[in-house]
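The values are calculated or read from the model by the stated rules, or taken from the named source; none is laboratory data. This structure is a prediction, so every number in the text was calculated from the model and none was measured. Cβ atoms come from the backbone with ideal geometry, glycine included; neighbour counts cover every protein chain shown. The accessibility values were calculated without ligands, DNA or RNA, using every heavy atom of the protein model including side chains. Shrake-Rupley method; radii C 1.70, N 1.55, O 1.52, S 1.80 Å.
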Amino acid sequence: MKNSKFRNKMIGIEVIFIGVIIMANLIEVNNPITNTNDQKLLDSNLIIKNEEEFLSENDKETINNAPISAIGDDPISISGNVALAAFCTHGSGIPGDPYIIEGYEIDASTAHGICIDNTDAYLTIQNCIIENGSFIDDNYFFGIHLFSCSNVKIFNNTVSNNNNEGIRIYDSNHITISGNNCSNNGMTQIVGFITNDGILLESSDYNTVSNNTCLSNFNDGIGLQRSNFNTVVGNNCSFNNKEGIEVESSNYTIITENFFLNNLEDQANSFDSNNNQWYNNSNSIGNYWGDYRVRYPGATNDGIIWDTPYEITAGVFDEYPLVMNDGESNTPIVAEIHAPIAINGNAELASFCSEGSGTSNDPYIIEGYKIDASTAHGIVIDHTDAYLIIRDCIIENGSFINDNYFYGIYLFSCSNVKIMNNIVANNNNEGIRLYLSNYNTISGNYCSNNGMTQTVGFITNDGILLESSDYNIVSNNTCLNNFNDGIGLQRSNYNTVVGNNCSFNNKEGIELESSNNTTITENYFINNQENQANSFDSNNNQWDNGSIGNYWGDYEVRYPDATNNGVVWDTPYEIAAGIFDEYPLVMNDGENTGNNGPFSGFNIPGYPMEVFLAIFAISTIGIIISSKKHR
């Protein structure tokens, strides 16, 4: 297959879920066995723990180190062991030497991408790209479909952008689904009974679903229907239109160490289901819940587990909800409801703040407020140069009234301000905007999902925007899924942008416009819709520091022949014509070298670097602005 075809197919798909490495002994159950079903639940986990091939060293090597190098092919349909043996050129179908289906790029618009039915020979499906699953005359086509199968492992595939399920398992047992990207499936709703999940298990028992990335699916990230004795562990189930995980008429399931963030209906749901465990009693480990601190603002934790169980549905609890750490403090943001704050000048600042004296060693403090910005800027500071810290605030719903646009946090003609550890999200306009403001620091904030409703006018709808502002530092912020850019700089010079996660935005991760002498290093750019980053009418900017550049989610697609030393790729990454990152960084898988996997070191305040180990994304719905306009 030509490289250009491979690149086109891969754009917008490459999401990496890294760092949550789940060993089988984490799911061993040590509860007393009280009945036959408890014994079955225990046995199901022992099967997983003792299976010779489950995440063997060869499997790990395959998943973690081998890039997907797909070749074009038609959909694959195999019925029975004999047909499977005839199709596969590798393996003999036994536990130590399974059949292999790998490296295919399949358009599933006219048939299931890969359909296997009525087999029990050992089979591994790996390193495939499957998309465009559709429907014809009431026939629904999935990315990967197993029907009445056992002993199949589905590893390291990208099964995305299908109108139906990404992976569907029906009447199949003892299947392992691990390390796959099953995102953006079912984005065109189909009339009928199709569920449109990233992964669906239906009438299927004793399966393991682990370490998958299931983001932005039309219904659920992972669904279980009439399926029992399954284990769902270490998956990222976020930004889905319904739940992260839904358990329906399914019993004796273990669900632990999964991430649930920004799912639209509920983080997870369970109905008509019994005896499921949303935590592991043997090691007191539950799941990560993105809305935990909103639902339980008074809860405390020991740095690992919250003290208040998380209620999934009536009477169903995660008894050991896990703490999403911010890297600085385990103190939760306990926000006091407050009206929008507007301060003009040092005197008003001194009058408002009850802490600090405005000096470099004793700055004023604004902290711990939850503000609805629908009628005014959440926090606006105007014409101050006293030292000030704005921290631990939650600001949302920024809107516009009569051509007045309201931002989450807005600095106008200010200096010496630090904006730290705030959640500034779900605003219709900018999350954080600096205008005519110099020598400020914006660090450790979560500035995502801003500008999701496009407004008429010159609004840019970035997570963070610096306009006519110089000598500022923008570091370690999480800027995901904003309507335009994660971070924008307009007519702003001598700024430093370092260590930010700028991914899944509708335009660029970072855009420089008429901005010069900027240093941009150690940022993550993954699955931004127009370009990973852009620079125009800008000069003398450094996209590396002479040895360290940035992480580019599409690097291996654009430069498939590049090599690396484990830290830096050997081929520069071209950002715009003649503009290069000379030292693009390698995204390690957490198994090989260092701790610089995607999304490490920056988080939602109070949440862990793990939460975006995949990163963490939502599909773009609506129009994409063709060019950024000036105010």
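Protein-only accessible surface at a 1.4 angstrom probe places the residues 568, 159 in the order 568, 159, largest first. Here the accessible area is traced with a 1.4 Å probe on the protein chains. For the stretch 234-371, carbon and sulfur cover 44 percent of it. If R0 is 45 Å, the Cβ-Cβ spacing of residue 547 and residue 249 corresponds to a FRET efficiency of close to 0.20.
Put a dot 7 Å past the Cα of residue 139, heading toward its Cβ, do the same for residue 539, and the two dots end up 6.2 nm apart. How large is the accessible surface per residue of the stretch 157-264, computed with a 1.4 Å probe and reported in Å² as a whole number? Result: 20 Å² per residue. When the residues 418, 370 are ordered by accessible surface, computed with a 1.4 Å probe over the protein chains alone, the sequence from largest down reads 418, 370. Of the solvent-accessible surface of the stretch 75-232, computed with a 1.4 Å probe over protein heavy atoms with every protein chain present, carbon and sulfur atoms account for 50 percent. With N as its number of residues, the stretch 428-528 has a Cα radius of gyration that, divided by 2.2 N^0.38 Å, comes to 0.94. Taking every protein chain into account, the accessible area of the stretch 492-564 amounts to 32 square angstrom per residue (probe 1.4 Å). Taking all protein chains as present, what is the carbon and sulfur share of the accessible area of the stretch 409-516, in % to the nearest whole number, probe 1.4 Å? It is 54 percent, rounded to a whole number.
Sorted largest first by accessible area at a 1.4 angstrom probe radius, with every protein chain in place, the residues 174, 112, 90 fall in the order 90, 174, 112.
Along each principal axis, taking the top coordinate minus the bottom one, the Cα set of the stretch 126-184 gives 31, 22, 14 Å in descending order.
Taking max minus min of the alpha-carbon positions on each principal axis, the stretch 149-276 gives extents of 31, 30, 28 Å, largest first.
Label positions at residue 281 and residue 148, each projected 7 Å from the Cα along the C-beta direction, are separated by 3.7 nm.
Accessible surface of residue 487, taken over heavy atoms with a 1.4 Å probe and every protein chain present, rounds to 0 Å².
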